[in-house]
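The values are calculated or read from the model by the stated rules, or taken from the named source; none is laboratory data. Small disclaimer: the values here were computed from a predicted structure and weren't measured. When we count neighbours, we look across all protein chains shown, and the Cβ atoms used for this are built from the backbone with ideal geometry, even at glycine. For the accessible areas, the whole protein counts, side chains as well, though only heavy atoms, and no ligand, DNA or RNA atoms are used. Shrake-Rupley method; radii C 1.70, N 1.55, O 1.52, S 1.80 Å.
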Amino acid sequence: MSDKAKLVLGDKTIELPVFTGTEGEKAIDITKLRAETGYVTLDSGYMNTGACTSAITFLDGEQGILKYRGYSIEEIAEKSSFLEASYLVFYGKLPTATELKTFEDRIAAFDDVPEGIKTMIKAFPKDAHPMAVLSANMVSLSAFHHDLCAQDLTPPQKDQAIAQLMGQLKVMAAYAFRHSQGKDFVKSDRSLDYCSDFIHMMTGNKNVKKEVAKALDVLLILHVDHEQNCSTSSVRLVGSSKANIFATISAGVDALWGPLHGGANQAVLEMLEEIKGSGKSYQQFLDEVKDKNSSSRLMGFGHRVYKNFDPRAKIIKKACDSVLATLGAQDSLLDIAKGLEEVALKDEYFVSRKLYPNVDFYSGIIYRALGIPTNMFTVMFAMGRLPGWLAQWKEMVEQPGFKICRPRQIYTGDTKNTYKDLKSR
Ligand code: ACO
């Protein structure tokens with residue numbers, strides 16, 4: 001097949017290069033399109049737009065494949081730790097034992113936040129959503145760490161930014177939670193692993209069950225990166241203006257919060273609770289979400305890229321059963337989720353639109369079993385996705401030919417209005 005695409009515009013034909021990725025995906029390179037033809041492309045919601053090249057994550061939505069740096073998500077979830085997977089996405093290779101230990105120690109060293117940030121957390125109302133607290137605190141860190149706010153960070157500064165944000169986001173998430181409970185902050189304990197320390201900082205209990213820490217670790221691994229999703233694209237967009245790293249990551253937190261993205265994990269739990277409380281049958285509920293006059297959706301179902309099972313959902317569904325069994329817990333919401341999934345997967349509406357459970361459908365049930373409250377679910381997602389945001393930002397700023405992201409539009413408004421002064425309008 002030719003490595004050029006031909007575009008016919010009236011009596012003019014131009015050739016556009018075809019770019020082929022390492023997994024064989026093909027893209028028409030339109031870099032010169034506007035210069036040569038005066039046309040731009042129109043692609044609402046970026047359904048067909050490759051906004052960048054990236055060597056971090058590959059996903060094939062038709063086959064249900066997800067890989068970090070060439071390693072399958074199944075293998076990483078089974079064999080790696082969250083911090084090892086984070087190192088992999090940042091630095092492009094699995095660390096040696098020494099590299100991993102150094103990396104873990106560097107992150108653990110950022111075990112607190114400036115006093116001003118603690119004061120800010122305490123100034124929020126107790127019922128503030130922890131994502132609001134996280135976003136505000138993330139951007140506010142820039143006021144305390146001027147060294148990392150330079151336009152172009154040196155390689156050691158980038159390494160520091162990575163370790164610092166990985167350490168401090170965990171601290172801010174735990175502190176935000178403690179504040180919402182009206183409880184004092186719990187100081188980090190460096191002798192604990194990342195997930196055990198986080199649970200310790202939330203609960204005040206240092207004796208975290210191995211199985212609980214492991215389950216949380218796997219959940220975080222599954223969220224590490226997912227190529228150009230809404231929050232990652234926001235990080236790239238904001239970071240492309242050379243906004244500082246704290247502002248850049250805060251933009252990711254904000255985009256993630258929406259219920260069509262990371263906020264879906266909270267929305268799923270609320271939906272399952274609603275079904276339980278209302279006594280509606282699964283079919284009745286599904287009929288409601290299928291009704292085009294209703295704005296509700298089956299939360300945790302559907303994905304822009306996966307048109308087959310989300311591989312992360314498969315792993316989580318399995319983990320759900322084993323976590324509940326290990327903890328000796330039972331959750332009627334898990335039965336509702338399974339029942340709902342079974343009926344939806346037989347329903348023509350969901351089948352024909354290729355709507356399957358996504359990562360958020362079952363993750364909340366595990367968080368609940370681990371004792372993490374519903375309004376913290378999206379914060380957990382942010383903790384898991386932070387390495388992806390940082391890795392994608394690092395890759396972008398290090399790419400030759402790096403440019404500010406600035407899409408075009410097609411104007412459809414009025415073309416010539418006559419101005420009338422205030423009195424005559
Ligand atoms: N429930 C009911 N109908 C749905 C759902 C759903 N969850 N998802 C998609 N549809 C329908 C749409 O109404 C549309 O139907 P139509 O063709 O008759 O108009 C069709 O399926 C295609 O849906 P789009 O919204 O065009 O698909 P898009 O790729 O833009 O959206 C999204 C993907 C946002 C994830 C969507 O499936 C959704 O809203 N899901 C529920 C929220 C959710 O779980 N989000 C988490 C996604 S994963 C993540 O971000 C971590």
- Filter region 351-371 for residues that are of a type in the set (A, V, I, L, M, F, W, C) and open to solvent by less than 10 Å² (accessible area, probe 1.4 Å) and give the result. Val359, Phe361, Ile365, Ile366
- Residue selected from region 378-405 under the condition more than 14 Å from the chain's Cα centre (by Cα) and in a helix (DSSP H, G or I), by the criterion farthest from the ligand (Cβ to nearest atom): Glu398
- In the list Asp347, Asp321, which residue meets the criterion of being modelled with pLDDT under 90 and charged (D, E, K, R)? Asp321
- Message: Checking the conditions here, which among Ala143, Ala109, Ala174 is surrounded by 19 or more Cβ atoms within 10 Å (Cβ to Cβ) and touching a residue at least 24 places away in the same chain (Cβ under 8 Å)?
- Response: Ala174
- Please determine, by comparing only the residues of region 31-48 that are open to solvent by 70 Å² or more (accessible area, probe 1.4 Å) and β-branched (Val, Ile, Thr), which one is nearest to the ligand (Cβ to nearest atom). Thr41
- Which members of region 198-236 meet the condition of being within 14 Å of the ligand (Cβ to nearest atom), of a type in the set (S, T, N, Q) and part of a loop (DSSP other than H, G, I, E, B)? Gln228, Asn229
- Query: Across region 52-72, what is the total count of residues that are in a loop (DSSP other than H, G, I, E, B) and within 16 Å of the ligand (Cβ to nearest atom)?
  - Reply: 3
- Item | Hey, Ala163 more than 14 Å from Ser250 (Cα to Cα) and open to solvent by less than 40 Å² (accessible area, probe 1.4 Å) or not | yes
- Note on the structure: All-but-one check, Glu75 against (1) open to solvent by 50 Å² or more (accessible area, probe 1.4 Å); (2) over 19 Å from Gly384 (Cβ atoms); (3) not in a loop (DSSP other than H, G, I, E, B), failing number (2)
- Item | Single unsatisfied condition, Lys93 versus (1) assigned to a helix (DSSP H, G or I); (2) open to solvent by 60 Å² or more (accessible area, probe 1.4 Å) | (1)
- Only one of Ile65, Ile107 is more than 20 Å from Ser231 (Cα to Cα) and in contact with a strand residue (DSSP E or B) (Cβ under 7 Å, 6 or more places away or on another chain); which? Ile65
- Note on the structure: The residue from Gly64, Gly116 that alone is modelled with pLDDT under 95 and open to solvent by less than 50 Å² (accessible area, probe 1.4 Å) is Gly64
